[in-house]
Amino acid sequence: MTRAEFISRLKRGLVGLSAPAADEIVQDYEAHFDAGAADGRSEAEVAEALGDPDRLARELRAEAGARAWNQQPGASSAAGAIFAIIGLGAIDILILLPIVLPVFGSLIAVLVSGIGVFLAGGFTLVAGPFLDFPGGPATALLAGVGIMGLGVFMTALCAVFVKWLIDATVWYARLHYRVLKPALDQGRI
């Protein structure tokens, strides 16, 4: 593969990153080709050492998403990090989905259950004193507040687990980058 082909594929893969970030990445890889030429290596040798430009672009987009999540945690940066990681490739998806889907499904079930428990507590709080609740109206009020508290606890617990899952997903993306980084640091690329 020639330098022009490599850089062209890398640029196509970096679509979606900010222009300054993409330009900086392209300049870094241009520098690798310049250094390789100075060492007497051919463009094909340098391109082979750098690896698949499409895969590199996916890893670099994932790393950018992870940085955005660490710098400013929020729904949009979390979604960006997750989608960038999913973009790492079909093999990664085949490995990650069987783990993530049941976990997210369980979290959604707990969230829906928490909302249901909260609504049941609200019903007990409002309707309990008017029904023949065992222990009287005061017991109905306290039971309603307690059940609503349990619902709030369940939904808050879901929020904590979602944050942990997003952090774990970002960690997973960094594993890909860590595989490539030692080769870059040792000057083999």
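The values are calculated or read from the model by the stated rules, or taken from the named source; none is laboratory data. Just so we're clear, the structure is a prediction, and the values are computed from it rather than from any experiment. Methodologically, a virtual Cβ is constructed for each residue, glycine included, from the backbone with ideal geometry; neighbour enumeration extends over all protein chains shown.
What to note about this one:
- The helices (runs of 4 or more DSSP H) located wholly in the stretch 42-150 that include 2 or more residues which are modelled with pLDDT under 85 occupy 53-71, 75-86, 90-127.
- Only listed residue being assigned to a helix (DSSP H, G or I) and at pLDDT below 80, chosen from W171, W164: W171
- Filtered by the rule that a residue be more than 14 Å from A57 (Cβ to Cβ) and within 24 Å of the chain's Cα centre (by Cα), the stretch 19-39 gives A19, P20.
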